[in-house]
Amino acid sequence: MDFNQAHHIYLSDLSNSLSKIKQLHIAKQRLTFSRWKVSENLDKLLFEYETNVKKTDGKVYWCPEKTKGIEVLNKHLENSQKVNFLNHIGVKHFLTETNYQTSVNNENADTLVMDAKFIIANTGNFFTCFYSFDEYQQFLNAKKIIVIAGIDTLLSYQSELPLSKMLYSLFETGKLSYPAEILSRPGMQKGFKKEIIILITDLNKSKLLDHPTHRPLFSLLNFNLPSICPMEQFNYQPNDWKQIDTLQYFLYPFIHDIQAFKSMFYENNGLRHISEFLPYDINLYEHVLKARADIQLSEKKKKISFFSRPSLSKLPTNAKKFHTPSKFERFAKTYFFGE
């Protein structure tokens with residue numbers, strides 16, 4: 001299936017699902033607020049999550065940086081004969097950031113590596129969705145499950161899960177529910193006769209908390225962008241582990257270093273368009289303008305010109321020309337977004 005076909009199917013499913021929801025904007029605001037609370041109380045909630053996992057003899061493996069993450073993963077894979085890595089965004093992020101080398105997918109694997117869509121502080125549970133029944137069957141057949149969960153996946157209360165998973169499914173798949181999903185917890189699963197290991201990873205994500213203005217982006221890092229991505233229109237490969245979409249490209253400087261990757265803010269990434277397809281009440285365009293303003297201010301203090309392009313070089317010395325936000329917005333639309 002090419003991009004246009006996937007795009008058409010997604011929009012058709014989304015339109016049908018949206019017709020069944022009243023006051024969608026309120027639902028988005030509720031989810032945004034619940035995740036904002038997480039970013040404000042991250043340390044406390046992560047401790048609460050680990051405490052509740054331990055109540056049933058489970059264990060949380062903390063992997064705050066790459067070396068530790070690889071060490072823990074290798075330890076739990078050393079006795080596995082066949083391993084499968086599901087193409088989940090959390091797994092993809094972990095493997096990409098650590099440059100971990102995976103083996104070819106194996107049929108009837110005894111160990112499965114997947115991600116958690118959400119981990120829940122007040123219960124110690126985790127929620128995982130599957131994008132196909134084949135993925136779910138792999139989960140049922142595996143004897144050991146290694147779950148990778150970013151600190152961005154945290155929910156405060158399990159009562160917030162129904163709304164969270166519905167909105168995520170809605171804007172990821174166009175449908176109100178995933179093909180298959182589970183709610184479980186780390187430890188030995190007697191009913192399934194399998195062991196579930198959970199790795200909590202950071203990989204620079206907590207740096208977002210150093211920028212209060214950008215904290216809403218904290219909640220977007222585990223969102224799987226559907227087939228509306230401008231970057232993918234020219235190279236649609238949904239099963240490619242290295243495929244970068246517009247949202248990942250945009251978030252990268254926020255996760256790592258805005259100053260070092262400022263060039264990523266110069267291109268037309270279709271962020272205004274993508275904001276319409278997020279489960280949150282967040283305008284990505286506003287964050288781009290704020291980031292550019294921060295960069296400009298920082299570089300002006302260093303007496304270094306913010307704009308390297310000839311057509312933009314006079315902007316810092318003509319501040320009066322853009323005295324009002326509306327004038328600067330028109331300028332930004334033309335030069336930054338190609339509108």
Extreme residue, surrounded by the most Cβ atoms within 10 Å (Cβ to Cβ), among residues of segment 19-40 that are among the basic types (Lys, Arg) and either under 24 Å from Asn204 (Cα atoms) or free of Cβ contacts under 8 Å to residues at least 40 places away in the same chain (or both)
Arg35
Name the one entry in Asp13, Asp43, Asp2 that is surrounded by fewer than 17 Cβ atoms within 10 Å (Cβ to Cβ) and within 19 Å of Leu278 (Cβ to Cβ).
Asp13
Hey, among the residues in segment 88-121 that are of a type in the set (S, T, N, Q) and more than 22 Å from the chain's Cα centre (by Cα), which one's nearest to Lys37 (Cα to Cα)?
Thr111
Tell me, yes or no, whether segment 23-38 has at least one residue that is in a loop (DSSP other than H, G, I, E, B) and either within 18 Å of the chain's Cα centre (by Cα) or at pLDDT below 90 (or both).
no
Members of segment 231-257 found to be outside any loop (DSSP other than H, G, I, E, B), surrounded by fewer than 18 Cβ atoms within 10 Å (Cβ to Cβ) and at pLDDT below 80, listed by number:
Gln233, Phe234
Does Asp115 qualify as being closer than 21 Å to Lys194 by Cβ and at pLDDT below 90?
no
How many of the residues in segment 179-206 are surrounded by 20 or more Cβ atoms within 10 Å (Cβ to Cβ), in a loop (DSSP other than H, G, I, E, B) and more than 15 Å from the chain's Cα centre (by Cα)?
1
How many of the residues in segment 278-288 are more than 15 Å from Ser219 (Cβ to Cβ) and surrounded by 16 or more Cβ atoms within 10 Å (Cβ to Cβ)?
2
Residue check: is Leu209 crowded, with 19+ Cβ neighbours inside 10 Å and not hydroxyl-bearing (Ser, Thr, Tyr)?
no
Checked segment 144-172 for anything polar (S, T, N, Q) and at pLDDT below 95; matches are Thr153
Between Ser227, Ser263, Ser219, which is closer than 16 Å to Glu172 by Cα and part of a helix (DSSP H, G or I)?
Ser219
When you go through Gly58, Gly69 one by one, which is the residue that is over 22 Å from the mean Cα position of the chain (by Cα) and surrounded by 13 or more Cβ atoms within 10 Å (Cβ to Cβ)?
Gly58
Are there any pairs, at least 6 apart or on different chains, whose C-beta atoms fall under 6 Å, with the first in segment 273-294 and within 20 Å of Thr153 (Cα to Cα) and the second among the β-branched types (Val, Ile, Thr) and modelled with pLDDT of 85 or more, and if so, which?
Phe277/Ile228; Tyr280/Thr32; Asp281/Thr32
For Gly270, all conditions in the list (1) closer than 25 Å to Thr102 by Cα; (2) out of contact with any Asp or Glu (no Cβ under 6 Å at 6 or more places or on another chain); (3) in contact (Cβ under 8 Å) with a residue 40 or more places away in the chain hold save one; what is the number of the exception?
(1)
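The values are calculated or read from the model by the stated rules, or taken from the named source; none is laboratory data. None of these values were measured; they are calculated from a predicted model. As a convention, Cβ positions derive from the backbone with ideal geometry for all residues, glycine included, and neighbour counts pool all protein chains shown.
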